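A quick write-up on the structure given underneath.
Derivation of every value follows stated rules applied to the coordinates shown; laboratory data play no part. Computed from a predicted model, the values in this text were never measured in an experiment. FYI the Cβ positions are ideal-geometry reconstructions off the backbone, even for glycines, and counts take in every protein chain you see.
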């Protein structure tokens with residue numbers, strides 16, 4: 001057969017190649033050698049270019065999937081450092097928002113544009129969308145802190161703008177408070193076997209929220225050992241802002257006395273226990289509140305608005321903002337400033353009352369008072 005020149009080499013991918021350079025009758029030995037050297041040089045260049053890519057690919061394989069890292073994030077950060085309500089919220093958002101979208105992707109393989117689209121698709125629930133974005137940012141923060149990702153890595157959550165959240169203020173009017181209290185009174189008198197009955201523990205939970213301004217989690221986690229009956233306060237060992245003391249009004253003490261009677265039916269360490277004596281789940285209390293507010297025509301009142309209303313009533317009664325912040329357990333004075341406009345209203349009302357009192361007690365009345373006296377004298 002015909003003889004030919006060949007060169008044999010292995011590609012960057014590891015494939016064995018036998019390349020024909022030409023037949024011996026068409027190509028001289030020196031030309032065949034030149035072609036072989038050129039072919040091998042090309043292969044060498046391919047290997048040089050491919051080496052960093054292969055190194056990156058091998059490094060990428062060591063970066064965990066989002067779902068894999070989420071397990072560590074929950075175990076080593078969420079369950080160790082965060083409050084119970086936040087732990088529950090993070091788990092719920094991982095299940096419903098983060099893992100369905102990114103669970104099978106590697107942490108370093110999610111483009112920013114994809115995160116922007118993912119966040120934007122949740123525009124109908126801006127608070128939930130922002131919370132999910134916050135969670136994803138926290139995960140990337142821990143990934144860099146634990147050296148799962150290099151310090152130079154730019155997370156895809158960078159410069160993703162959260163939706164603006166409009167703060168909503170809703171305070172109960174005196175008439176609405178009376179309507180709520182009347183309904184809760186009826187609920188306590190309703191027999192236990194009646195369909196649709198509101199449990200007594202839930203009634204006392206609502207009343208504690210309304211009378212103390214405590215947070216929902218604080219009320220549901222309140223134990224009898226935390227109540228100081230003599231000092232009329234509740235000593236919370238681990239609230240949202242850490243250890244704090246909640247002063248209790250005489251009305252709040254009456255609510256506690258009523259709740260104490262529940263111990264005969266359901267002995268429990270909790271002030272407002274579940275039917276089995278454990279802690280009522282927050283979602284269960286929320287569902288009960290939804291039923292209550294529908295029945296009394298307060299559909300736009302959230303459970304947290306009972307706390308806002310307690311603060312509003314205190315300020316309108318003349319309690320200073322700083323004191324209200326202390327009662328509510330605000331960690332920063334700026335949080336209490338949201339009620340400043342209520343304080344201004346109370347101040348304006350106080351000035352009017354002061355002016356009226358001065359006018360009544362003044363020996364030299366002015367303005368309308370003089371006119372009224374002159375008219376009275378003419379009669």
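The Cα atoms of the range 174-343 cover 47, 36, 27 Å along the three principal axes, with the biggest extent listed first. Each peptide in 275-285, 252-262 was scored by the mean count of other Cβ atoms within 10 Å over its residues; highest first, the order is 252-262, 275-285. Potential lengthening of the chain between residue 63 and residue 48 amounts to 3.0 nm, from the contour at 0.36 nm per residue minus the alpha-carbon distance.
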